[in-house]
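Structure first, commentary second.
The values are calculated or read from the model by the stated rules, or taken from the named source; none is laboratory data. Quick caveat: nothing in here was measured; it's all calculated off a predicted structure. Cβ coordinates were reconstructed from backbone atoms using ideal geometry, including for glycine residues, and neighbour counts include every protein chain displayed.
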Amino acid sequence: MKKVLSAILAAAVMCTSMLALAGCGGSKQESKKESAAASDSAASKGELHMATNAAFEPYEYKEGGEIVGIDAEIAKAICDKLGYTLVIDDMDFDAIITAVTSGKADFGMAGMTVTDERKQSVDFTDSYTTAIQSIIVNDGEDKVKSAEDLKKASVGVQLGTTGDIYVSDFEKDGAKIERFNKGADAVLALTQKKVDAVVIDNEPAKKFVEQNKGTKILDEPFENEDYAICLKKGSELTEQFNKALKELKDDGTVKKIIDKYIKA
Ligand code: GLN
């Protein structure tokens with residue numbers, strides 16, 4: 001179903017660009033009307049598709065059928081500033097970079113950490129916030145008391161995330177890694193004692209612990225990271241995004257959005 005929808009969407013996007021290229025007055029008006037309806041902004045330059053995984057509260061998650069969160073709001077502020085209509089496409093985290101490199105999405109924003117490996121396939125904007133990898137364990141279990149202990153444990157991670165990458169290094173030491181498409185499924189496996197620990201970003205970790213009685217976050221922080229938006233290599237949007245992001249940081253908008261979702 002998702003694939004069919006994506007195909008229809010891709011075809012629609014292609015048609016729109018072809019019509020735009022053809023420069024036909026009628027179709028231009030048509031696309032203007034559509035954008036205006038979607039964004040209430042008659043001046044919209046068109047849509048920008050953001051690839052994300054909306055299961056990562058507080059950065060992106062679903063609330064009443066709508067995708068909300070820090071990333072959704074910062075992306076909207078950037079698109080508003082640049083005159084684009086934001087469209088958010090939800091997918092597995094592991095599919096985001098491919099969506100961006102293939103042009104299916106214009107950018108990816110998903111609490112995504114800047115890594116050298118990812119930089120080989122995409123460009124990143126300047127960072128808009130920092131994060132830490134946290135370790136979640138069951139209360140009263142002492143098998144994993146530190147990052148070092150992960151080397152002898154079974155560890156749940158979200159497929160393709162930095163948590164997955166860091167912990168995969170421990171496989172040679174004897175760690176057993178269970179990879180899930182959603183952080184929530186990794187945490188479920190923890191509560192069912194199918195894994196000894198879960199490694200995931202600190203803010204989603206706090207949400208998961210709030211929602212799952214009997215779990216806790218270890219005090220020891222694991223890895224520090226920078227989050228940024230990824231775009232197709234060489235995209236001219238990157239510079240525009242950086243400029244908009246700088247303005248939104250300077251005027252306090254980014255901080256206001258983060259403070260709305262993360263209470264000190
Ligand atoms: N920050 C982690 C990463 O970039 C996890 C992101 C996520 O799961 N949405 O790999």
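Looking only at residues in the stretch 181-193 that are away from the ligand (no atom under 12 Å from the Cβ) and in a loop (DSSP other than H, G, I, E, B), the one that is farthest from Lys143 (Cα to Cα) is Gln192. Highlighted here are the strands (runs of 3 or more DSSP E) found entirely within the stretch 194-233 that include at least 1 residues which are closer than 20 Å to Ile258 by Cα and within 12 Å of the ligand (Cβ to nearest atom): 197-201, 224-227, 230-232.
Among residues of the stretch 67-82 that are charged (D, E, K, R), those with a beta-carbon under 9 Å from a residue that is modelled with pLDDT under 95 at least six positions away or on a different chain give the pairs Asp80/Ser39; Asp80/Ser41. Of the candidates Glu178, Glu148, the single residue that is within 16 Å of the ligand (Cβ to nearest atom), surrounded by fewer than 22 Cβ atoms within 10 Å (Cβ to Cβ) and within 28 Å of Gly214 (Cβ to Cβ) is Glu178. Residue check: Thr115 meets all listed conditions (1) surrounded by 21 or more Cβ atoms within 10 Å (Cβ to Cβ); (2) closer than 19 Å to Thr162 by Cα but one, namely (1).
Determine whether the stretch 124-140 contains at least one residue that is of a type in the set (Gly, Ala, Ser) and away from the ligand (no atom under 14 Å from the Cβ). Scanning the stretch 124-140 turns up at least one residue that is of a type in the set (Gly, Ala, Ser) and away from the ligand (no atom under 14 Å from the Cβ). Restricting the stretch 87-105 to residues that are in contact with a Ser or Thr (Cβ under 8 Å, 6 or more places away or on another chain), away from the ligand (no atom under 12 Å from the Cβ) and touching a residue at least 40 places away in the same chain (Cβ under 8 Å), the residue that is farthest from Leu159 (Cα to Cα) is Lys104.
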